[in-house]
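The values are calculated or read from the model by the stated rules, or taken from the named source; none is laboratory data. Here the structure is a predicted model, which is why all the values come from computation and not from measurement. Heads up, the Cβs are rebuilt from the backbone with ideal geometry, glycines too, and the neighbour counts pull from every protein chain shown.
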Amino acid sequence: MDQFLIAQRLCDLGLYSSPENLIQHCDYIFSGCNFEGLNILDVGGGSGLLSMWTLLNGASSVTLLEPEFSGSTQGITSKISSLAHELGVYDRLIFYPLTIQDYLASDKVNHHFDHVVFANSINHVNEPAVESYYKSNFGSSAYIDLFSSIRKICRSNSNIFISDCSRSNVFKYLPFANPLMPSIEWNKHLNPSEWSNLLLRSGYYAVNVKWFSPNSYPALRPILGNQILNYFTFSHFSLQAKIN
C-alpha cells in the first residue's frame, strides 16, 4: 500500500495530525527502514501508532508492550484490539500489558525479532536507573543488562530504534518550563551519547543519531535538525543501532 494512503488511514482514526507529518515522523524514527516480512517488538508503544504503521507497511508480526499501572489496562487492550480490527491487522498483532522486564522473564517470547522500537519509552523502562545514572553504577548496569537480554531475542544484524528527549536543554537551568515541552522532566532522560555508549558496551554497533526538526518543514531538516538548535528547543533525538 502507498505510504500516503497508510498515513491517511491512521490519521482518519485520530492517531496523528496529518498524513504528510506522519510520514516525516516515521522517516525520522525509522530512516526509511524496510518492514516487509519482519517481526517487530514495540516497547511502550502507547496506542499503537508505530505498531500499526509497521504492520500496514508489511511487517509479518508486531509484539506491542504497553504496561498500565493506573488500573485501566482493560481500556487500553480494548482500544488497541479495536484499532487492529479496524485496520485489518488483528491477526498479526500481539499485545501484552507488560513491562519489557516482565515480558523477557515470561514464557511469552516465542520468536526472534528483526527490529526493536523504543519510541519515547526508553527512559520509562527504568526511571530510577536513569535518575541515578551519574551518581552510581546502578543506572548503567541496569540498562546494559536490559540491552544484553534484548540481543538474545533478536536475529543477527537486526536494528534497535530509540527516540527520546535528551537530558541537555537550556530550560533545565532556567526557572520556568520549556514552552515547547512543558511537561518534560529533564533529569529523567539521558543524552544520546550515553545511550550510544550503553548500546556499544552491550554488544551493539553502527550507532547513528539524528536530531529532531519540525515535521512540517522537511526541506529544512538538514538545517534545523542539529544538536545546537535542539538544545534551545525540543532536545529530541532519534537513534538507530545494529544488533550483532
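Kindly provide the set of residues from segment 187-244 that are among the β-branched types (Val, Ile, Thr), touching a helix residue (DSSP H, G or I) at 6+ places or on another chain (Cβ under 7 Å) and within 21 Å of Leu22 (Cα to Cα), ordered by number.
So in segment 187-244, the residues among the β-branched types (Val, Ile, Thr) come out as 207, 209, 223, 228, 233, 243.
Remaining after also requiring touching a helix residue (DSSP H, G or I) at 6+ places or on another chain (Cβ under 7 Å): 207, 209, 243.
Once the filter is applied, which keeps residues that are among the β-branched types (Val, Ile, Thr), touching a helix residue (DSSP H, G or I) at 6+ places or on another chain (Cβ under 7 Å) and within 21 Å of Leu22 (Cα to Cα), segment 187-244 yields only Val209.
Restricting attention to segment 64-77, does a residue exist that is outside any loop (DSSP other than H, G, I, E, B), at pLDDT 95 or above and closer than 25 Å to His236 by Cα?
Yes, that holds for at least one residue.
Could you list, in sequence order, all residues of segment 154-198 that are farther than 15 Å from Ser238 by Cα, among the aliphatic types (A, V, I, L, M) and in contact with a strand residue (DSSP E or B) (Cβ under 6 Å, 6 or more places away or on another chain)?
Ile184 - this is the single residue of segment 154-198 that is farther than 15 Å from Ser238 by Cα, among the aliphatic types (A, V, I, L, M) and in contact with a strand residue (DSSP E or B) (Cβ under 6 Å, 6 or more places away or on another chain).
Run down Phe147, Phe237 and say which single residue is under 20 Å from Val130 (Cβ atoms), modelled with pLDDT of 95 or more, aromatic (Phe, Trp, Tyr) and not in a strand (DSSP E or B).
Phe147
Checking the conditions here, which among Ser136, Ser166, Ser141, Ser148 is surrounded by 15 or more Cβ atoms within 10 Å (Cβ to Cβ) and more than 22 Å from Ile94 (Cβ to Cβ)?
That would be Ser166, the only listed residue that is surrounded by 15 or more Cβ atoms within 10 Å (Cβ to Cβ) and more than 22 Å from Ile94 (Cβ to Cβ).
For Ser60, indicate whether it is touching a Lys or Arg at 6+ places or on another chain (Cβ under 9 Å), surrounded by fewer than 19 Cβ atoms within 10 Å (Cβ to Cβ) and within 21 Å of Leu239 (Cα to Cα).
no
May I ask you to list the residues in segment 78-111 that are among the aliphatic types (A, V, I, L, M) and assigned to a helix (DSSP H, G or I)?
First, the residues of segment 78-111 that are among the aliphatic types (A, V, I, L, M): 80, 83-84, 87, 89, 93-94, 98, 100, 104-105, 109.
Correct list: Ile80, Leu83, Ala84, Leu87, Ile100, Leu104, Ala105.
Considering only residues that are part of a helix (DSSP H, G or I) and of a type in the set (D, E, K, R), look in segment 1-49 and name the one that is nearest to His124 (Cα to Cα).
Ranking the qualifying residues of segment 1-49, first place goes to Asp27.
Looking only at segment 200-220, count every residue that is assigned to a helix (DSSP H, G or I), under 17 Å from Gln24 (Cβ atoms) and either in contact with a Gly (Cβ under 7 Å, 6 or more places away or on another chain) or in contact (Cβ under 8 Å) with a residue 40 or more places away in the chain (or both) and tell me the total.
Number satisfying all stated conditions: 1.
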